[in-house]
1. What value in Å³ per residue do you get for the convex hull of the alpha-carbon atoms in region 295-351?
2. When you count, for each residue, the other Cβ atoms within 10 Å and take the mean per peptide, how do 338-351, 235-248 rank with the highest first?
3. With every atom except the alpha carbons ignored, what do you get for Rg and Dmax of region 272-418, in angstroms?
4. Accessible area of region 25-88 with a 1.4 Å probe: how many percent of it is carbon plus sulfur?
5. Please express the shape of region 203-320 as an equivalent ellipsoid: the semi-axes are the square roots of 5 times the eigenvalues of the C-alpha gyration tensor, given largest first in whole angstrom.
6. Determine how many Å³ per residue the convex hull of the Cα atoms of region 133-178 encloses.
7. How do Arg251, Arg183 stack up against each other in accessible area, from largest to smallest, with a 1.4 angstrom probe?
8. In terms of solvent-accessible area of protein heavy atoms at a 1.4 angstrom probe, what is the ranking of Thr172, Thr415, highest value first?
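The values are calculated or read from the model by the stated rules, or taken from the named source; none is laboratory data. Since this is a predicted model, take the numbers as computed values, not measurements. All Cβ positions, glycine included, derive from the backbone under ideal geometry; neighbour counts span all protein chains shown. When the accessible area is computed, the model is the full protein with side chains, heavy atoms only, and any ligands, DNA or RNA have been set aside. Shrake-Rupley method; radii C 1.70, N 1.55, O 1.52, S 1.80 Å.
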Amino acid sequence: MSEYLGSGPAWSPSGRTATRPSSALGAAFLGGVTAAGLGLGALTVAVLLLWVAAPYPDTSLSRALHLAADLWLLAHGGGLVRDVPHSAVPAPVALTPLLLAVLPVWLLHRAARHTLATADDPGPAAGPTAPRTLLGALLTGYLLVAGAALGYASVGRLAADPLSALLYVPGTAVTTMAVTTWRVLGHGGAALLPEGVRRVLARVPRRLRTALGGNRLAAARRAAGAGLVALLVGGALLTLVGLAVHGGRVRHDLLTLAPDWASRATVLLLCLLLLPNAAVWGAAYGLGPGFTLGAGSAIGPLGASAHPPVPRLPLLGGVPEVGPGTPLTWAVAVLPVAAGIWLARSVARMATDSGSADGPWSKSWPAPWPWRRTAGVAAFAALLCGVGAAVLAGLAGGALGHGALAAFGPSGWRTGLAAAAWTALTGVPGALALRSWQLRRARGAAPADGVEATTDGEAATGGEATTDGETTKDRKAPAEGKPAAEGKETADGEETADGEAAADGKAAAAAAPGG
């Protein structure tokens with residue numbers, strides 16, 4: 001009987017039922033299954049709604065469900081293959097809609113954050129509810145659903161590429177959980193790395209780790225994010241301007257590709273999912289390298305070369321005409337210049353006002369920063385901006401077939417190199433110039449503020465206000481009947497009588513008998 005009585009729920013000192021290791025592992029595993037199921041279910045509902053509205057009776061329910069599984073795997077970066085008439089080799093489809101990828105990444109982020117909130121503190125003693133164990137259970141549940149979806153979607157006219165899915169789906173899941181762990185645990189997340197990785201990191205010279213991490217990395221990451229957002233916003237504006245200029249061609253492509261309203265809704269939804277890709281393409285165009293539409297073609301501000309026929313997607317209707325560049329296309333150079341200025345503005349604000357900034361540099365890097373530190377952070381931010389642009393450019397493109405359409409979109413390394421060069425060229429001198437201007441402006445405003453503070457201090461105390469904010473009372477005031485007021489207030493706020501210091505209690509000793 002005692003063994004059954006002892007198997008009841010464990011109670012914590014706060015009175016709540018303590019979470020058992022087995023239930024914590026089960027909750028983490030169920031969290032992974034739920035995250036995968038919600039993403040797959042959301043796409044299934046959307047595809048079924050479009051299938052019901054479609055006027056084509058030859059499309060079966062199984063094909064609609066198959067398409068939903070294909071799209072879910074494509075959202076992780078996995079490629080698809082489609083059967084091509086009169087060809088024995090299926091054509092690859094490796095262009096991932098970036099907006100579609102937000103769904104599984106967001107669900108995984110929420111699941112990982114909830115799992116880490118219920119885990120023990122990371123440390124060398126890895127117990128059954130350690131973060132590494134719980135994240136492993138979460139990943140197992142997620143990949144279990146992904147494996148079932150891959151088995152269902154690996155056959156058909158439009159099928160998932162097994163090798164690509166086995167590479168990108170776990171990679172996306174592990175990367176998302178790693179970023180979430182870093183955001184939640186900070187430097188404590190390094191304890192979750194394998195022992196071999198930690199030994200390798202420990203061999204890195206301390207000076208290099210200091211230069212590439214800590215406050216410098218945090219400040220550069222913030223400035224690089226500002227520059228990258230400016231590039232993407234500018235790329236989106238270029239895309240919208242291109243669609244507006246070629247509005248007739250865009251409308252013709254939409255009506256040709258989708259003759260009925262249900263098909264038009266599907267095409268417009270696809271264009272919406274590809275809009276972030278188009279923003280990255282526009283940013284690559286503004287940076288100079290541009291993008292390719294297959295067969296070695298190049299579309300950039302200096303000119304557009306001939307390219308093979310592309311799918312009649314309305315979003316591609318804004319592509320510039322074939323021919324040399326014009327002063328209007330050359331004017332897009334304002335985009336990287338604006339991104340560099342925005343990066344410089346972010347660095348200059350931190351360099352001159354870091355004491356009030358919400359960042360880890362505010363305590364150990366008091367304002368103002370030296371000019372060398374300002375230039376170094378701006379250069380580091382330009383490098384990070386280039387890395388981010390390269391990653392986004394690599395994700396925004398892909399293959400849409402064999403041969404001429406094997407390469408489709410911007411080049412990752414060219415785009416990243418151009419982004420780093422442009423933002424460094426304008427960001428480093430811009431940060432130094434803005435820092436000097438803001439410091440000169442602050443010095444010019446300091447005397448006026450000091451005079452106002454002195455005037456206010458005299459009005460409030462009836463005496464003088466010193467430069468350190470300490471006040472001295474009028475010596476005539478004690479003569480009006482206020483005893484012991486003819487004193488002096490020390491820097492520590494201790495008051496003495498007759499102007500003598502009493503920091504260690506000497507006044508009390510002198511007043512005692514025999515003192």
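1. About 123 Å³ per residue, rounded to a whole number.
2. On the way: 338-351: 25.5, 235-248: 16.7.
Per-residue Cβ counts within 10 Å, averaged per peptide and sorted highest first, yield 338-351, 235-248.
3. Spelled out, the Cα radius of gyration and Dmax of region 272-418 are 19.0, 58 Å.
4. Working: 2420 of 3260 Å².
Ligands and nucleic acids excluded, carbon and sulfur reach 74 percent.
5. 38, 17, 13
6. On the way: hull volume 2.7 nm³, N = 46.
So the per-residue hull volume is 59 Å³.
7. Ranking Arg251, Arg183 by accessible area, largest first, yields Arg183, Arg251.
8. Thr172, Thr415
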